[in-house]
Amino acid sequence: MSEKRKTPMMDELEKGPWPSFVTEIKKAAAKNESAADLLGLMERSYEDKVGHWKHGGIVGVRGYGGGVIGRYTNLPEEFPGVTEFHTIRVNQPSGWFYTTDALRSICDIWEKRGSGLTNLHGSTGDMILLGTQTEQLQPCFDELSSQGWDLGGSGSDLRTPSTCVGPARCEFACFDNLDLCHDITNTYQDEIHRPMWPYKFKIKIAGCPNDCVASIARSDLSIIGTWRDNLIINQEEVKNYANAGLNIRDEVTDFCPTKAITYDAEKQELNLKGEDCVRCMHCINKMPKAVKIGKERGASILIGGKATIVQSAFLSWVIVPFMKMEPPYQELKDLLDRIWEWWDEHGKMRERIGELIYRKGMGEFLRGVGLPPVPQMVYQPRANPYIFWQPEDFEENK
Amino acid sequence: MAKVMGQTDIGPPDFRKFLPPIVKENYGKWQYHEIVKPGVLKHVGESGDELYSVRVGSPRLVSIDWIRAICEIADRYCDGYLRFTSRHNVEFLVSNKDNLEPLLAELKEKGYPVGGTGNSMSNIVHTQGWIHCHTPATDASGIVKAVMDDLYEHFTGMDLPAKLRVALACCLNMCGAVHCSDIAILGVHRTPPRIDHENLAKTCEIPNVIAACPTAAIRPDPKNKSVKVNEERCMYCGNCYTMCPSMEILDPVNDGVAILVGGKVSNARTAPSFSRLAIPFLPNNPPRWPEVVEAVRNIVEVWIKDARKGERVGEWIERIGWENFFKKTGIPFTDKHIDDFIFSVPTFRTTTQFRW
């Protein structure tokens with residue numbers, strides 16, 4: 001882009017109180033031709049009401065099948081700076097903790113090797129380096145790697161696992177989800193970097209049922225912290241909340257989904273019927289000083305969550321109501337291996353694990369991976385008698 | 001300079017290297033937290049240590065200049081430690097309380113929005129849109145900017161009935177947790193793919209194109225060495241276009257935006273749930289999508305007025321009923337709202353219990 005193209009619609013989006021992505025593109029454009037052409041291309045999209053990107057070709061770095069998304073504009077003559085504008089996914093540290101030195105090391109590389117634009121962060125959790133040329137990919141990776149960074153997943157592989165802030169700064173964390181995320185990310189480097197499956201597979205790890213990383217909606221395998229014993233109540237702190245003006249009945253106990261917890265306004269005390277509690281977190285969220293998670297802690301494992309494409313969106317389904325989560329996490333890893341083997345064997349191309357389970361039946365999945373059926377897996381049993389009986393169900397086969 | 005060769009499979013840096021000392025000391029031993037004011041969290045450890053986190057909204061698409069600027073701030077007030085949230089916010093981790101007010105003052109002076117905690121609207125989780133996606137039905141960053149400008153006071157304040165999670169995906173692939181958001185802004189295609197018969201066989205694997213269609217609307221067309229689309233069965237998901245660039249789905253005239261409401265991912269109180277269709281179509285009207293901004297504001301305002309304290313959008317709708325949601329918001333209910341895809345049956349009412 002030799003002449004400075006006018007961008008009135010982009011300029012309009014610099015107004016207003018919320019920080020502007022256009023301002024960010026302009027900052028990068030002051031130093032980088034690709035970013036300048038991205039701004040022009042965006043204005044063109046705003047005029048045409050259509051995107052101007054072509055499908056990704058196969059681009060990447062040596063030894064990896066994923067981590068780079070190829071992107072080319074369909075208007076290369078008009079915007080030569082974005083003829084190639086590939087994305088690099090950099091695997092974020094667990095819980096998105098950084099030092100300023102670490103972030104600057106990325107900035108220095110990206111200033112030299114790319115557009116200077118990033119997403120903090122992408123949907124899967126990676127740091128996204130947005131826009132560079134094919135010839136820059138390998139040197140960029142080499143420099144990232146020499147600074148201790150690695151690429152995340154893309155395509156039909158294990159996508160970069162991600163997790164919430166966990167025990168680093170949250171009293172609700174039911175296990176060390178930061179450690180688990182780091183551990184499995186390292187255990188499954190091959191699965192992350194070399195696509196070999198029917199389709200993508202996402203793992204997200206939430207420290208508690210509040211699920212701040214949306215694992216139940218956004219991951220094929222959701223690991224959600226929970227506990228098995230009772231809530232721990234500190235009645236003195238209950239009184240403090242009451243005296244500080246919290247309307248405990250209206251704001252806390254009336255919302256209890258199972259009426260497991262009730263409030264005695266006279267005594268200013270909470271009463272718990274432990275067997276009715278479903279560990280939803282509401283009372284804990286509202287009164288963190290007074291109500292705490294139990295002591296027998298672990299996680300629930302759920303499977304199949306995904307967005308709408310293709311068959312419909314699924315929320316993940318419970319397959320293990322409770323599993324201890326302690327290093328080296330062998331029980332979880334063994335289960336993952338069995339799940340992936342079953343999916344690999346039965347899955348069609350571009351069939352997520354949830355769709356496969358729906359197609360083959362949950363019963364067949366559970367038998368295939370060797371998980372015992374328990375009532376926590378369903379809201380209610382089936383209402384039809386169309387059972388797929390197995391040979392071993394019959395006396396003569398026993 | 002000697003050529004550096006990248007080592008593969010080293011994995012991400014160990015997060016432990018990036019934890020501030022106060023976090024290392026209180027790891028797993030936090031006692032409770034409070035929201036001191038909008039955007040400011042105070043976590044107290046069993047040790048009595050106090051950590052303040054200051055949450056700042058970002059535009060998600062940020063330059064390295066922006067990253068360096070926030071690094072300077074973190075060096076000044078946080079000994080160089082910071083983190084990001086799952087919703088594109090930065091959190092400055094302040095272990096020295098004396099630094100809190102000077103940090104807030106500098107953030108205010110420089111125009112960084114502080115908020116997104118408690119009963120507020122957090123940052124909008126969103127996709128790439130026209131910035132980088134190849135199947136978008138709309139832009140992402142532009143709509144997000146326009147909506148956040150309009151609802152800014154709900155990010156910096158905590159006056160909502162409950163938390164509000166808005167998400168945007170630029171096509172029906174629904175990247176991001178759009179399908180489980182209080183309010184989902186979704187780019188939609190509405191016309192079947194236009195087939196480039198000349199190039200299709202050259203650029204695409206025909207069996208894969210056929211298999212990509214969830215409604216089996218795509219059939220082989222051996223005469224043209226191409227495929228045919230049964231347009232009555234197409235629901236414009238764009239899955240075939242993802243597999244094959246010769247199935248053009250982008251449509252500048254007819255693409256636009258749908259609004260879905262009432263989803264959530266948290267297990268708190270009610271089970272996680274999907275967002276459901278409120279408005280089937282709004283036009284693409286850049287640069288500020290006024291129809292979308294107005295529609296989102298309307299839903300938020302009716303919710304604020306009508307919800308009980310603590311009710312998220314979906315919980316509010318569950319209590320008042322969808323029939324009253326449409327009445328109170330003035331959104332017309334149409335045949336488009338009645339599900340006719342695969343799992344429609346459980347959405348049909350099987351009781352005489354309803355409201356007028």
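Once Lys and Arg get +1 and Asp and Glu get -1 on their Cβ, which of A:Leu180, A:Gly16, A:Ser145 lies farthest toward the positive end of the dipole of chain A?
Working it through, the farthest residue towards the positive pole turns out to be A:Gly16.
Could you tell me which of rounded, prolate or oblate describes chain A, using a ≥ b ≥ c as the square roots of the eigenvalues of the alpha-carbon gyration tensor, with rounded for a/c under 1.5 and, failing that, prolate when a/b is larger than b/c and oblate otherwise? List each step's numbers first, then the result.
On the way: a/c = 2.19, a/b = 1.44, b/c = 1.53.
It is oblate, given that a/c is not under 1.5 and a/b is not larger than b/c.
So which lysines can A:Lys112 reach, going by Cα to Cα under 20 Å and dropping same-chain residues fewer than 8 places off?
A:Lys26, A:Lys27, A:Lys31, B:Lys3
Rounded to whole Hz and in sequence order, give me ³J(HN,Hα) for the stretch A:307-317 from the Karplus expression 6.51 cos²θ - 1.76 cosθ + 1.60, θ = phi - 60°, writing x for Gly and Pro.
Per-residue couplings from phi come out as 7, 4, 5, 9, 7, 1, 6, 10, 8, 4, 9 Hz.
Please report the spacing between the Cα centers of the stretch A:158-196 and the stretch A:63-83 in Å, no decimals.
Centre-to-centre (Cα) distance: 30 Å.
So what is the relative contact order for chain A, in percent, with contacts set as C-alpha pairs under 8 Å and at least six apart? Write down the numbers at each step before the final one.
Values: 727 pairs, mean separation 43.1, N = 398.
It comes to 11 percent, rounded to a whole number.
Taking only pairs that are 8 or more places apart or on different chains, how many Lys pairs in the stretch B:217-356 have Cα atoms under 22 angstrom apart?
Taking the Cα cut-off of 22 Å, the pair count is 9.
By the gyration tensor of its Cα atoms, with a ≥ b ≥ c the square roots of the eigenvalues, what is the shape of chain B: rounded for a/c under 1.5, prolate for a/b over b/c, or oblate? Please report the intermediate quantities before stating the final value.
On the way: a/c = 2.23, a/b = 1.38, b/c = 1.61.
Note, shape of chain B comes out oblate.
Using only atoms on other chains, find how many Cβ atoms lie within 10 Å of each Cβ of peptide B:13-26 and report the average. Mind dumping the intermediate values first?
Values: counts 14, 7, 14, 7, 7, 12, 8, 4, 0, 1, 6, 1, 0, 4.
The per-residue average across the peptide is 6.
Evaluate the distance, in nm, between pseudo-label points positioned 7 Å from the Cα of B:Thr203 and of B:Arg76 along their respective Cα→Cβ axes.
Label-label distance for B:Thr203 and B:Arg76, simple model: 5.0 nm.
Provide a whole-number value for the mean count of partner chain Cβ atoms within 10 Å of the Cβ atoms in peptide A:205-215. It would help to have the intermediate numbers written out before the result.
On the way: counts 0, 4, 0, 3, 4, 4, 9, 5, 4, 14, 4.
The per-residue average across the peptide is 5.
Shape call for the stretch B:16-109 from the C-alpha gyration tensor, a ≥ b ≥ c root eigenvalues: rounded (a/c under 1.5), prolate (a/b greater than b/c) or oblate? Intermediate values should be presented prior to the final figure.
Values: a/c = 1.71, a/b = 1.54, b/c = 1.11.
In terms of gyration-tensor shape, prolate.
Rank A:Thr160, A:Leu75, B:Pro193 by how far each Cα sits towards the positive end of the charge dipole of the protein assembly as shown (+1 on Lys, Arg Cβ; -1 on Asp, Glu Cβ) and give me just the farthest.
B:Pro193
How about A:Lys273: which lysines have a C-alpha closer than 18 Å to its C-alpha, ignoring those fewer than 8 places off in the same chain?
In chain and number order, the partners are A:Lys259, A:Lys292, A:Lys295.
Within 10 Å of each Cβ in peptide A:290-302, how many partner chain Cβ atoms are there on average? Round it to a whole number, please. Show your work: numbers first, answer last.
Working: counts 1, 0, 2, 0, 0, 0, 0, 0, 0, 0, 1, 0, 0.
Mean inter-chain Cβ contacts per residue within 10 Å come to 0.
Ranked from highest to lowest mean number of other Cβ atoms within 10 Å per residue, what is the order of the peptides B:106-114, B:285-293?
Numbers: B:106-114: 15.1, B:285-293: 20.1.
Going by the mean number of other Cβ atoms within 10 Å, highest first, we get B:285-293, B:106-114.
Do any trypsin sites (Lys or Arg not before Pro) in the stretch A:262-307 lie in a DSSP loop with no more than 16 other beta carbon atoms within 10 Å, and if so, which? Walk me through the numbers on the way to the answer.
Details: sites: A:Lys267, A:Lys273, A:Arg279, A:Lys286, A:Lys289, A:Lys292, A:Lys295, A:Arg297, A:Lys306; in loops: A:Lys267, A:Lys273, A:Arg279, A:Lys289, A:Lys295.
Within the stretch A:262-307, the qualifying trypsin sites (Lys or Arg not before Pro) (loop, at most 16 other Cβ atoms within 10 Å) are A:Lys267, A:Lys273, A:Lys295.
Would you pull out the residues with amide H under 5 Å of A:Trp53's amide H, same chain only if 5 or more places away, H placed 1.01 Å from N?
Close amide H contacts, sequence-distant or interchain: A:Asn74.
Give the long-range amide H neighbours of B:Glu248: residues separated by 5 or more places, or on another chain, with amide H under 5 Å away, using H modelled in the peptide plane at 1.01 Å from N.
So B:Glu248 has HN proximity to B:Arg194, B:Asp196.
Where nothing but the Cβ of Lys and Arg (+1) and of Asp and Glu (-1) is charged, how large is the charge dipole of the stretch B:101-199 around its Cα centre, in debye to the nearest 20? Kindly include the intermediate steps, with their values, before the conclusion.
Values: 7 positive and 11 negative charges, 51 e Å.
Roughly 240 debye, rounded to the nearest 20.
So which of A:Lys333/B:Lys29; A:Lys360/A:Lys398; B:Lys42/B:Lys145; A:Lys200/A:Lys333 end up more than 21 Å apart by C-alpha? List each step's numbers first, then the result.
Values: A:Lys333/B:Lys29 27 Å; A:Lys360/A:Lys398 25 Å; B:Lys42/B:Lys145 29 Å; A:Lys200/A:Lys333 18 Å.
From A:Lys333/B:Lys29; A:Lys360/A:Lys398; B:Lys42/B:Lys145; A:Lys200/A:Lys333, over 21 Å: A:Lys333/B:Lys29; A:Lys360/A:Lys398; B:Lys42/B:Lys145.
Let me check I've understood the local charge: for B:Val188, count other residues with C-beta under 12 angstrom from its C-beta, Lys and Arg +1, Asp and Glu -1. What total comes out? List each step's numbers first, then the result.
Working: positive: B:Arg190, B:Lys336; negative: B:Asp251, B:Asp255.
Neighbour charge sum, excluding B:Val188 itself: 0.
Where the only charges are on Cβ atoms (+1 Lys, Arg; -1 Asp, Glu), what is the dipole of the stretch B:263-353 about its Cα centre, to the nearest 20 debye? Walk me through the numbers on the way to the answer.
Details: 14 positive and 11 negative charges, 78 e Å.
So the magnitude is around 380 debye.
In chain A, once you exclude exposed GluC sites (Glu not before Pro) (DSSP loop, at most 11 other Cβ within 10 angstrom), what's the longest stretch remaining? Numbers along the way, then the final one.
Working: sites that count: A:Glu3, A:Glu77, A:Glu266.
That would be A:78-265.
Work out the charge dipole of the stretch B:194-248 with +1 on the Cβ of Lys and Arg and -1 on the Cβ of Asp and Glu about the Cα centre, then indicate which of B:Ala212, B:Met243, B:Pro222 is farthest towards its positive end.
The residue sitting farthest along the positive end of the dipole is B:Pro222.
Which value, in debye to the nearest 20, gives the size of the charge dipole of the protein assembly as shown about its Cα centre, when Lys and Arg are +1 and Asp and Glu are -1 at the Cβ? If you can, show how the numbers build up before the last one.
On the way: 89 positive and 98 negative charges, 176 e Å.
That gives the protein assembly as shown a dipole magnitude of about 840 debye.
Could you sort the peptides B:309-316, B:337-344, B:232-239 by per-residue average Cβ neighbour count (10 Å cutoff), highest mean leading? Write down the numbers at each step before the final one.
Values: B:309-316: 22.0, B:337-344: 12.2, B:232-239: 18.9.
Listed from highest to lowest mean packing, they are B:309-316, B:232-239, B:337-344.
Could you name the aspartates and glutamates whose alpha carbon sits less than 12 Å from that of A:Lys306, not counting residues in the same chain fewer than 8 places away?
Partners found: A:Asp220, A:Glu351, A:Glu355.
Where a number appears in this text, it was derived from the coordinates with a stated rule and is not lab data. Bear in mind the structure is a predicted one, so any value in this text is a computation, not a measurement. Here Cβ is always computed from backbone atoms with ideal geometry, including for glycine, and neighbour counts include all displayed protein chains.
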